[in-house]
2 protein chains.
Amino acid sequence: MSAPVVILSHPQLGENIGAAARAMANFGLSELRLVAPQCPWPNERATAMAVTARALTDEAKVSATLKEALGDLELVFATTARERGVTKEILTPAEAARRMRRAGDVKIGILFGNERAGLENEEVSLCDAVITIPTAGFASLNLGQAVLLAVYEWFRAADETASSRIDHGPLHRPPTRDEMFKLFAHLEHDLTESGFLFPPNKRDGMVRGIRAILHRTRLTYQETQTIRGMLVALTRGKYRGEKKADGDS
Amino acid sequence: MSAPVVILSHPQLGENIGAAARAMANFGLSELRLVAPQCPWPNERATAMAVTARALTDEAKVSATLKEALGDLELVFATTARERGVTKEILTPAEAARRMRRAGDVKIGILFGNERAGLENEEVSLCDAVITIPTAGFASLNLGQAVLLAVYEWFRAADETASSRIDHGPLHRPPTRDEMFKLFAHLEHDLTESGFLFPPNKRDGMVRGIRAILHRTRLTYQETQTIRGMLVALTRGKYRGEKKADGDS
């Protein structure tokens, strides 16, 4: 399955073309097409803004008409900010992305209009469906932002990154139950000695509350050792004092 | 439930601060805080880039230290591009957004680092969890793009826009079944007259195939009338011709 082609119709600002290229590269798209750019082309500002995605601007295909730019594509979405007079299916970027992924091995395009005027109705009429990005109140996304959100959704629709993870790394394995039990025993011993677990009839509830905190933090083995080291340091003077007192008595 | 605060630590470029403000306004966030900006502040480029979100840059609170900027917040996410040495929970922007929505009425912050260096480990250590935006290969999102994707996900997590819709408008109501049946009858009559529905034993299957096309297009009432008008126009000369022929015979 190949990534969608991004087509910018009559773009005015090199910065936006460069921002589009950078957004595309971040999400695995590589083919950029320009229809009748309104700025000089090639364009220094586009190259500067593309940064590491420079290959995309260097290799962008330029055509004189939209029909030429769309000719070989099999499924094309037109991105518009506002409602159109044309009765056409309007999709969220997420829904459009799901359809792109479901479409299988077809050549897909996502079309964006000019910065000031957007897409003309004539241009929209050459596309299968419309993408409109939902926003809070009056939409004022610029061209680079609109491209970013559309290509992000395409990537996201197939992304398998765990929604939550902790990168323990080789030195940061989770502790075994026994290692947690040793931490509990160490802490509970010191808290008993120090008189914190008082009165005796509250002791068990207090202990369970403290164990819950330690479980909730999902410690690494290394961190259980750090806490035990902290306990040793915190109680060192105290025990010495007590031992001395004991010895004196 | 109030929208999250966005905090930019040591931002270098006014353009990025303005782009962040514009992204925020598009998705319903209004409070921007800056920690020790490295560019002159107030900043013309920030204002120019913010466009309609100028109020956010005008009213941005500036503080000297991150601790000062985070002091009143109850849940803070640090956005980083790459793995950190620190063992900390790493979330996708989507998962972080779900947690923000679930957290209820707490004051939330999303923290972004300096353009070149990102967030320092010391800064990350003041936050509850980390957001890392999944990308294809080497991540090279700029600051404005990272803010856009994070605030978009916050908006998206509670957005109820229909994933697909057709805006029929008052003049574009869907046809009743009867109106569709009239269109079918009109078309099938003309296709019979013209000899298209041939041979007779294939007729029923052909008719069903044509009706399926017409259903799939989800026509408006107006469009059914347009098609019938097209049929009248397309067959006008033809029937006249036939009638003349008939009259001659």
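The values are calculated or read from the model by the stated rules, or taken from the named source; none is laboratory data. Since the model is a prediction, treat every value here as computed from it, not as a measurement. So basically every Cβ, Gly included, is an ideal-geometry build from the backbone, and we count neighbours across all protein chains shown. Please note that ligands, DNA and RNA were not included when accessible areas were found on the heavy atoms of the full protein model with its side chains. Shrake-Rupley method; radii C 1.70, N 1.55, O 1.52, S 1.80 Å.
Any residue in segment A:38-55 that is open to solvent by less than 20 Å² (accessible area, probe 1.4 Å) and at pLDDT below 95?
Looking for residues that are open to solvent by less than 20 Å² (accessible area, probe 1.4 Å) and at pLDDT below 95, one finds at least one in segment A:38-55, hence yes.
Just one of B:L214, B:L197 is more than 14 Å from every other protein chain (Cβ to nearest Cβ), assigned to a loop (DSSP other than H, G, I, E, B), among the hydrophobic types (A, V, I, L, M, F, W, C) and more than 25 Å from the chain's Cα centre (by Cα); which is it?
B:L197
Would segment A:131-152 turn up any residue that is more than 10 Å from chain B (Cβ to nearest Cβ), surrounded by fewer than 17 Cβ atoms within 10 Å (Cβ to Cβ), of a type in the set (S, T, Y) and at negative phi?
There is no residue in segment A:131-152 that is more than 10 Å from chain B (Cβ to nearest Cβ), surrounded by fewer than 17 Cβ atoms within 10 Å (Cβ to Cβ), of a type in the set (S, T, Y) and at negative phi.
Does A:L70 satisfy the criteria of being in contact (Cβ under 8 Å) with a residue 60 or more places away in the chain, more than 13 Å from every other protein chain (Cβ to nearest Cβ) and open to solvent by 10 Å² or more (accessible area, probe 1.4 Å)?
Yes.
For A:C39, only one of the following conditions fails: (1) away from every other protein chain (no Cβ under 14 Å); (2) assigned to a strand (DSSP E or B). What is its number?
The failed condition is (2).
Determine whether A:A23 is surrounded by fewer than 17 Cβ atoms within 10 Å (Cβ to Cβ) and outside any loop (DSSP other than H, G, I, E, B).
Criteria not met by A:A23.
For residues in segment A:78-98 being more than 9 Å from every other protein chain (Cβ to nearest Cβ) and surrounded by fewer than 22 Cβ atoms within 10 Å (Cβ to Cβ), which is nearest to B:T217 (Cα to Cα)?
A:V86
Which of the residues spanning segment B:153-188 are of a type in the set (F, W, Y) and either open to solvent by 50 Å² or more (accessible area, probe 1.4 Å) or more than 9 Å from chain A (Cβ to nearest Cβ) (or both)?
B:W154, B:F181, B:F184
Tell me whether segment A:37-47 contains one or more residues that are within 19 Å of A:R101 (Cα to Cα) and touching a residue at least 60 places away in the same chain (Cβ under 8 Å).
no
May I ask you to verify whether A:V62 is open to solvent by 70 Å² or more (accessible area, probe 1.4 Å) and either in contact with a strand residue (DSSP E or B) (Cβ under 8 Å, 6 or more places away or on another chain) or not in a helix (DSSP H, G or I) (or both)?
Working: open to solvent by 70 Å² or more (accessible area, probe 1.4 Å): yes; either in contact with a strand residue (DSSP E or B) (Cβ under 8 Å, 6 or more places away or on another chain) or not in a helix (DSSP H, G or I) (or both): yes.
Yes.
Here is a list: A:T52, A:T80. Which entry is of a type in the set (S, T, N, Q), closer than 21 Å to A:E115 by Cβ and touching a helix residue (DSSP H, G or I) at 6+ places or on another chain (Cβ under 9 Å)?
Of A:T52, A:T80, the one residue that is of a type in the set (S, T, N, Q), closer than 21 Å to A:E115 by Cβ and touching a helix residue (DSSP H, G or I) at 6+ places or on another chain (Cβ under 9 Å) is A:T80.
All but one of (1) farther than 14 Å from A:L8 by Cβ; (2) touching a residue at least 12 places away in the same chain (Cβ under 8 Å); (3) charged (D, E, K, R) hold for A:R116, so report the exception by its number.
The single condition A:R116 does not satisfy is (1).
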